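First up is the structure itself, then whatever we jot down about it.
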Amino acid sequence: MPQVSKNVFRLFCCFGMTLLMLNLIACKSSPKQSPLPPQARVLAFGDSLTFGTGAMPEESYPARLQAEIQHEVVNGGLPGETSSEGLKRLAIWLDEYEPRYLVLCHGANDFLRSLSEEKAAENVRAMVKMARDRGVDVMLVAVPKFGLKRPPPEFYEQIAEEFDIPIDQHILDDVARNSALMSDLVHPNAEGYGLIATAIAKRMQKSGALAP
């Protein structure tokens, strides 16, 4: 084979492998979910970040999300709750509200109280499994270590990969790093919660749970 042809062949092979790797990465990072039926209910579950501390009730991210996605969104936020307490409470809320979709944002109080990160990971994993075992689709929102300006622990991404569910790893961290979007060192203000709701809606669209 002439040298020019060999070089072209090598370039073609490299290009093909690059496309294959990009496709594999895209598939891995974009889990697919079934479209939500029109009357499907969404449960936003977590602590004060979900409850909407730092803003009016109608400015919380679940309220803003409901307006964006045209589905009922139940605000299941409980200020001060740790992931261990959330794990015990989640079953009650799943039974009562029977959601088809769960947006799970938990762990902030574990980090603020310097509790075990391994235990937080165990509890978040158990919450995801509980919902999935009931046929509820799940999306994770990764929580940074507020105040220390540290990104979310890796276990959120690991859990998302394990269960093949969508995750937003950046929105809370991005908001927390912009003081204009925060009501205090931990909680967003109304504008911050609005950005969180928009990011979650976009992630749900990307997964296929919502129509574009």
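Where a number appears in this text, it was derived from the coordinates with a stated rule and is not lab data. The model shown is predicted, which means the values in this text are computed figures rather than measured ones. Glycine also receives a Cβ, built like all others from the backbone with ideal geometry; neighbour counts cover every protein chain displayed.
Here is how the numbers come out for the structure above:
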| read-out | value |
| --- | --- |
| In the range 159-183, the residues that are part of a helix (DSSP H, G or I) and either free of Cβ contacts under 8 Å to residues at least 24 places away in the same chain or small (Gly, Ala, Ser) (or both) | Ala160, Asp174, Val175, Ala176, Ser179, Ala180, Leu181 |
| Top-ranked residue of the range 120-155 - restricted to ones that are touching a residue at least 40 places away in the same chain (Cβ under 8 Å) and outside any loop (DSSP other than H, G, I, E, B), ranked as farthest from Pro188 (Cα to Cα) | Met130 |
| Long-range neighbours under 9 Å by Cβ, at least six apart or interchain, first residue over 15 Å from Asn75 (Cβ atoms) within the range 184-206, second polar (S, T, N, Q) and in a helix (DSSP H, G or I) | Val186/Ser48 |
| Matching option when the condition is crowded, with 17+ Cβ neighbours inside 10 Å and touching a strand residue (DSSP E or B) at 6+ places or on another chain (Cβ under 6 Å), among Val124, Val128, Val143 | Val128 |
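Residue by residue, here is whether (1) out of contact with any Cys (no Cβ under 8 Å at 6 or more places or on another chain); (2) farther than 18 Å from Ile69 by Cα; (3) buried (at least 20 other Cβ atoms within 10 Å of the Cβ) holds:
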position: Phe155; (1), (2), (3): yes, yes, no
position: Ala160; (1), (2), (3): yes, yes, yes
position: Phe163; (1), (2), (3): yes, yes, no
position: Ile167; (1), (2), (3): yes, no, yes
position: Ser179; (1), (2), (3): yes, yes, no
position: Asp184; (1), (2), (3): yes, yes, no
position: His187; (1), (2), (3): yes, yes, yes
position: Tyr193; (1), (2), (3): yes, no, yes
position: Ile200; (1), (2), (3): yes, no, yes
